[in-house]
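Structure, as structure tokens:
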Ligand code: SAH
Ligand code: SF4
Ligand code: F3S
């Protein structure tokens, strides 16, 4: 079969799609880049907001309709919405061939084989505590890869559907993760991003180390700090990122690992959601505004070049103008390099869905717009401040816009454009670039490999 995957949602889904591609290729199927060339189309869906589900459902509706003209076309859905809707998925889309929850995506090649043998309407979802059947194979090119280390989430923030659809926390054994990363490194991967919904919770529920009590070579006892140290020791891995984080995970050991292990990028995506203590409590986030800002202060004190990005929700039930203004000022105090702003969307079955969604949509839009404009200015100023600094850039290759120049990413995950040296540059190596110009989304600079 020639197949294509359409992926919605977060990096977890990007990683799951990539793993499924690798499995399908191993089963003899061929990836294609255009839908019209495919005879197997899979939509990897997200449930986090109503709009995300609408998008995936709309796409699936079109694909199922196309089956009338293309009777051999196989259409499947995977991901969070497949888990949330369960058997209802087929009530909505009777022509769908299979639906697979995120903990079961390893089953897809088998399901495809069954559909080819004549079955249809196949459902595979997992209970919240079942061990995930997610493959450790990769289909990546380039120098960066995602590696899932922690599945699910036990935090149950009041607004969030993720714990319902991804299930409870399950941490993969460190041994497995390290073997996967070593294999990636042998295939040319230089940067790994470790994934988990609250990734620093790694190893808090189930044991992950064979010798769970032994401190690591540098004296780390927390499972996640130990993992960071062990990943940094994998030959060939020159950069480590991890996401998402929660302020409770910003421990002394984590800060020490970030400061002392040279492979770890000095960047965190640390979603704050709100700057109002009252709303944070209603959201059940488990920290106050001051806890959050305290964590940021500790990170900045340890790493002067620390970059911070975040997520914010506007229009949570009961969010008054005064609460919103607190979010606005927190974003200034925390000085985010970048932030994603979301309008609150009630998710069925979550605690917040029982509260009145009382902020009108026009008001959510206004608050969203105000924060976006603030953030644009703040982000541009943050980039301006980088002019004159040296950034370590993972050189990827010629830039898409201008092949004479090269591009790569800074530790803060910003795109950096620079001229390659006359003798050329090895892609996948770190280049030292002095920043000379800054646009809102991009930094420009010159190679400074022999400067101090
Ligand atoms: N586990 C991650 C978040 C995953 S969801 C974390 O806690 O860091 C990504 C973002 O979507 C969240 O940070 C939040 O800002 C937003 N989000 C989640 N549920 C939402 C909802 N019901 N309405 C609007 N935004 C939501
Ligand atoms: Fe959702 Fe909260 Fe878990 Fe993040 S930490 S996935 S926002 S419940
Ligand atoms: Fe969406 Fe599932 Fe990620 S709901 S945000 S794809 S965990």
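A short reminder: the numbers here are calculations on the coordinates, not readings from a lab. Remember, predicted model here, so these are calculated numbers, not experimental data. Glycine also receives a Cβ, built like all others from the backbone with ideal geometry; neighbour counts cover every protein chain displayed.
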### Task
Tally the residues that are more than 20 Å from residue 109 (Cβ to Cβ) and under 27 Å from the mean Cα position of the chain (by Cα), restricting the search to the range 63-82.
2
## Note on the structure
Filter the range 49-82 for residues that are farther than 13 Å from residue 6 by Cα and touching a residue at least 60 places away in the same chain (Cβ under 8 Å); the one that is nearest to ligand 1 (Cβ to nearest atom) is 49
### Query
Do any strands (runs of 3 or more DSSP E) lying entirely in the range 93-182 carry at least 1 residues that are farther than 30 Å from residue 408 by Cβ and more than 13 Å from ligand 3 (Cβ to nearest atom), and which ones are they?
98-100, 122-124
### Task
Mind listing just one residue for me: the one in the range 323-342 that is without any contact (Cβ under 8 Å) to a residue 40 or more places away in the chain and within 26 Å of residue 84 (Cα to Cα) and, of those, surrounded by the fewest Cβ atoms within 10 Å (Cβ to Cβ)?
340
### Query
Which of the residues that make up the range 32-44 are touching a residue at least 24 places away in the same chain (Cβ under 8 Å) and either within 16 Å of ligand 2 (Cβ to nearest atom) or more than 13 Å from residue 80 (Cβ to Cβ) (or both)?
32, 33, 34, 35, 37, 38, 39, 40, 41, 42
### Query
Based on what the data block shows, is residue 167 within 18 Å of the chain's Cα centre (by Cα) and at positive phi?
yes
### Query
Going by the conditions given, is residue 356 more than 14 Å from ligand 1 (Cβ to nearest atom), more than 25 Å from the chain's Cα centre (by Cα) and surrounded by 13 or more Cβ atoms within 10 Å (Cβ to Cβ)?
no
